[in-house]
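*Asks:* Let me begin by handing over the structure; questions about it come next.
The values are calculated or read from the model by the stated rules, or taken from the named source; none is laboratory data. Keep in mind it's a predicted model, so treat the numbers as computed, not measured. Every residue, glycine among them, receives a Cβ derived from its backbone with ideal geometry; neighbour counts consider all protein chains shown.
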Ligand code: PMP
């Protein structure tokens with residue numbers, strides 16, 4: 001069973017976990033009207049650092065802008081709330097979850113409800129399983145597609161989007177796979193239930209473009225930046241499903257999943273069926289940010 005931390009930040013105050021409640025008639029609960037973030041804090045060789053904290057909280061405001069949801073704080077205030085909730089729980093490394101939601105204040109779809117904001121943190125460990133970073137997972141292509149453009153904006157990280165993610169993830173687990181991969185409404189490759197995708201062909205990284213109904217992931221951006229800095233080519237392009245079976249290497253990435261190799265898709269081995277050298281190199285550079293072997297030239301460790 002899940003163990004919970006002691007404290008949470010809610011509407012400007014640090015409260016006991018059990019006191020941070022919401023009314024059952026809150027708008028966000030009924031209509032999916034929330035926007036949120038997932039952020040990791042790492043114990044680094046320079047002490048605890050929150051990875052790309054400001055970029056995550058800026059994306060929270062971007063998601064809220066799309067839905068015309070005013071957030072009664074600044075990015076700096078939410079950055080501070082993230083630090084405060086970790087400190088309150090005496091945590092160095094952990095997963096942070098800022099969320100803004102339309103609270104109680106009206107029942108119509110367009111009701112101008114007040115926005116409430118919370119920041120929780122908890123100990124997450126490896127999201128897709130204890131040793132998957134090393135061994136990789138077996139994935140499947142989902143029978144569920146991602147939402148079409150001009151229906152639900154994939155560029156917002158909003159609560160309602162995760163109905164799609166739940167269908168994809170639950171189907172995959174039910175069938176015995178580590179994670180599900182969704183196609184866009186075009187039939188082209190989109191992303192995992194909660195992760196972006198990279199394929200490796202002849203030493204270069206290929207990843208679907210944001211037009212493929214995916215979240216413009218901060219880990220995705222980190223990988224693109226790190227790869228280019230060491231001369232690995234990165235191509236954002238439309239990718240048909242069958243290239244999942246034909247690529248040399250394949251991995252998923254996200255704040256929760258970090259960099260998780262995929263060793264098979266739909267029962268077909270990816271490459272040799274083991275994480276390959278480019279995946280290993282990207283993992284080494286990514287985790288190197290936290291153990292000090294990769295210099296933090298972008299000020300990502302906050
Ligand atoms: N896609 C989806 C649907 C996600 O939920 C996430 C996790 N936030 C990602 C991609 C990866 O994004 P990030 O690297 O910013 O965590």
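*Asks:* If I filter the range 50-61 for residues that are more than 16 Å from the ligand (Cβ to nearest atom) and in the same structural domain as residue 93 (by TED's automatic domain parsing), do I get at least one hit? Steps first, answer last, please.
*Replies:* Looking only at the range 50-61, we keep the residues that are more than 16 Å from the ligand (Cβ to nearest atom), and these are none.
Scanning the range 50-61, I find no residue that is more than 16 Å from the ligand (Cβ to nearest atom) and in the same structural domain as residue 93 (by TED's automatic domain parsing), so the answer is no.
*Asks:* I would also like to ask the following. Going residue by residue through the range 105-122, is there one that turns out to be modelled with pLDDT of 95 or more and within 14 Å of the ligand (Cβ to nearest atom)?
*Replies:* No, the conditions are met nowhere in the range 105-122.
*Asks:* Given the options 182, 154, name the one that is within 15 Å of the ligand (Cβ to nearest atom), under 22 Å from residue 249 (Cβ atoms) and either without any contact (Cβ under 8 Å) to a residue 24 or more places away in the chain or surrounded by 15 or more Cβ atoms within 10 Å (Cβ to Cβ) (or both).
*Replies:* Exactly one of 182, 154 is within 15 Å of the ligand (Cβ to nearest atom), under 22 Å from residue 249 (Cβ atoms) and either without any contact (Cβ under 8 Å) to a residue 24 or more places away in the chain or surrounded by 15 or more Cβ atoms within 10 Å (Cβ to Cβ) (or both), namely 182.
*Asks:* Go through the range 59-89 and give me each residue that's under 17 Å from residue 40 (Cβ atoms) and assigned to a loop (DSSP other than H, G, I, E, B).
*Replies:* Hit for the range 59-89 is 89, nothing else.
*Asks:* Any idea which of (1) buried (at least 18 other Cβ atoms within 10 Å of the Cβ); (2) out of contact with any helix residue (DSSP H, G or I) (no Cβ under 8 Å at 6 or more places or on another chain) is the one residue 146 doesn't satisfy?
*Replies:* In the conditions (1) buried (at least 18 other Cβ atoms within 10 Å of the Cβ); (2) out of contact with any helix residue (DSSP H, G or I) (no Cβ under 8 Å at 6 or more places or on another chain), residue 146 misses (2) alone.
*Asks:* Let me ask something else. Only residues that are touching a residue at least 12 places away in the same chain (Cβ under 8 Å) and within 30 Å of residue 92 (Cβ to Cβ): list them for the range 270-286, please.
*Replies:* Listed by number, the residues that qualify are 275, 279, 281, 282, 283, 285, 286.
*Asks:* Of all the residues that make up the range 243-269, how many are assigned to a loop (DSSP other than H, G, I, E, B), under 16 Å from residue 189 (Cα atoms) and free of Cβ contacts under 8 Å to residues at least 60 places away in the same chain? Show your work before the answer.
*Replies:* Of the range 243-269, the ones assigned to a loop (DSSP other than H, G, I, E, B) are 247-248, 255-257, 266-267.
With the extra rule that they be under 16 Å from residue 189 (Cα atoms), the set shrinks to 247, 266.
If we keep only those that are free of Cβ contacts under 8 Å to residues at least 60 places away in the same chain too, we end up with 247.
Going through the range 243-269 one residue at a time, the tally reaches 1.
*Asks:* Restricting attention to the range 197-229, and to residues there that are away from the ligand (no atom under 14 Å from the Cβ) and part of a loop (DSSP other than H, G, I, E, B), which single residue is farthest from the chain's Cα centre (by Cα)?
*Replies:* Filtering first and then ranking leaves 202.
*Asks:* May I pose another question? If you scan the range 17-31, which residues turn out to be surrounded by fewer than 12 Cβ atoms within 10 Å (Cβ to Cβ) and outside any loop (DSSP other than H, G, I, E, B)?
*Replies:* If the condition is that a residue be surrounded by fewer than 12 Cβ atoms within 10 Å (Cβ to Cβ) and outside any loop (DSSP other than H, G, I, E, B), then 18, 19 are the ones that fit.
*Asks:* Check residue 238 against each of (1) more than 14 Å from the ligand (Cβ to nearest atom); (2) in contact (Cβ under 8 Å) with a residue 60 or more places away in the chain; (3) in a loop (DSSP other than H, G, I, E, B) and name the one condition it does not meet.
*Replies:* In the conditions (1) more than 14 Å from the ligand (Cβ to nearest atom); (2) in contact (Cβ under 8 Å) with a residue 60 or more places away in the chain; (3) in a loop (DSSP other than H, G, I, E, B), residue 238 misses (2) alone.
*Asks:* Is the range 280-292 home to any residue that is under 30 Å from residue 84 (Cα atoms), more than 12 Å from the ligand (Cβ to nearest atom) and part of a loop (DSSP other than H, G, I, E, B)?
*Replies:* yes
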